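Let me begin by presenting the structure, written as structure tokens, before commenting on it.
The values are calculated or read from the model by the stated rules, or taken from the named source; none is laboratory data. Just so it is clear, the structure is predicted and the values come from calculations on it, not from any experiment. Every residue, glycine among them, receives a Cβ derived from its backbone with ideal geometry; neighbour counts consider all protein chains shown.
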Amino acid sequence: MNLFTKILPGNIPYTGVELRPQWIAEQTGHFGDALVAFRGPCHVKSSEMVDVEDSRRNLFIESKEMLHFLGENFHLGLDAAVGHQRLLIANFVELLAAELPAQFRVGRQGDDIFIRETGNQQNLKLSVSVVTATAVSTIIHFGVNIDASGAPVPAIGLQNLGIDPEAFAQKVLTRWVWEFDSMYKARCKVSPR
């Protein structure tokens, strides 16, 4: 299996308009299934939200700086894309749990990641995520706070956890490729009965 991954250079703001077909191709020249990571601020107005429930409640997303993962797949339906989203987030949580300082605990509720510090009962939101379908593909956005300043809910960022965003992004992308290579091998190595 050949899954394209890349960390995009520079500072790329995320506003929600990136949830469109071939945005990754515009950035990389690669046409096909891909998962890319990039850093940049996040400001998604209510009018740009693809989550209709959040949009109806006039919610917005704001963070001074996030580590963004954007994935596009050209052969998955929306149900399978949500499964991919949850797998990406579960892998992220597993990798993060192995690197967190002892006073922090990480948890996942659906597509949201929360951090709790020892002695504090409040869950702090670390991430946002959404999946959408286009005319030709499905797209996942998974954003993780680096600096959660400006977030509309109690939040925390990777800088508070002592996690280097670029190094961690590379681990996530490497794990993503491994996961799909492993699933492909599992599919191919069994004999029919």
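General observations
- Evaluation of L67 against the conditions (1) in contact with a His (Cβ under 9 Å, 6 or more places away or on another chain); (2) of a type in the set (A, V, I, L, M, F, W, C); (3) at pLDDT 95 or above; (4) in a strand (DSSP E or B) shows that the sole unmet condition is (1).
- Residue that is farthest from Q159 (Cα to Cα) [pool: residues in region 74-131 that are among the small types (G, A, S) and surrounded by 19 or more Cβ atoms within 10 Å (Cβ to Cβ)]: A81
- For the residues F168, F142, the requirement of being under 13 Å from the mean Cα position of the chain (by Cα) and crowded, with 21+ Cβ neighbours inside 10 Å singles out F142.
- For region 97-117, the condition holds for no residue, the condition being that it is under 25 Å from A25 (Cα atoms) and among the aromatic types (F, W, Y).
- Restricting attention to region 44-64 and to residues that are surrounded by 21 or more Cβ atoms within 10 Å (Cβ to Cβ) and within 14 Å of L126 (Cα to Cα), the residue that is modelled with the highest pLDDT turns out to be S63.
- N2 falls short of the stated requirement of being at pLDDT 95 or above and surrounded by fewer than 20 Cβ atoms within 10 Å (Cβ to Cβ).
For (1) at pLDDT 95 or above; (2) in a loop (DSSP other than H, G, I, E, B); (3) within 26 Å of A98 (Cβ to Cβ); (4) touching a strand residue (DSSP E or B) at 6+ places or on another chain (Cβ under 9 Å), each residue gets a yes or a no:
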residue: I139; (1), (2), (3), (4): yes, no, no, yes
residue: F142; (1), (2), (3), (4): yes, no, yes, yes
residue: N145; (1), (2), (3), (4): yes, no, yes, yes
residue: S149; (1), (2), (3), (4): no, yes, no, yes
residue: F168; (1), (2), (3), (4): yes, no, yes, yes
residue: K171; (1), (2), (3), (4): yes, no, yes, no
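- Cβ-Cβ distances below 9 Å connect the following pairs, each with a first residue in region 173-186 that is within 14 Å of A90 (Cα to Cα) and modelled with pLDDT of 95 or more, a second residue that is aliphatic (A, V, I, L, M) and not in a helix (DSSP H, G or I), and a separation of six or more residues or different chains: L173/I7; L173/L35; L173/V36; L173/A37; W176/L3; W176/L35.
- Checked against (1) free of Cβ contacts under 8 Å to residues at least 12 places away in the same chain; (2) of a type in the set (A, V, I, L, M); (3) assigned to a helix (DSSP H, G or I), V190 meets all criteria but (3).
- Selection from region 1-44 of residues that are out of contact with any Gly (no Cβ under 7 Å at 6 or more places or on another chain), under 28 Å from K185 (Cα atoms) and assigned to a strand (DSSP E or B): T5, K6, I7, V36, A37
- For the residues V106, V153, V93, the requirement of being under 24 Å from P41 (Cα atoms), in a loop (DSSP other than H, G, I, E, B), free of Cβ contacts under 8 Å to residues at least 60 places away in the same chain and out of contact with any Gly (no Cβ under 7 Å at 6 or more places or on another chain) singles out V153.
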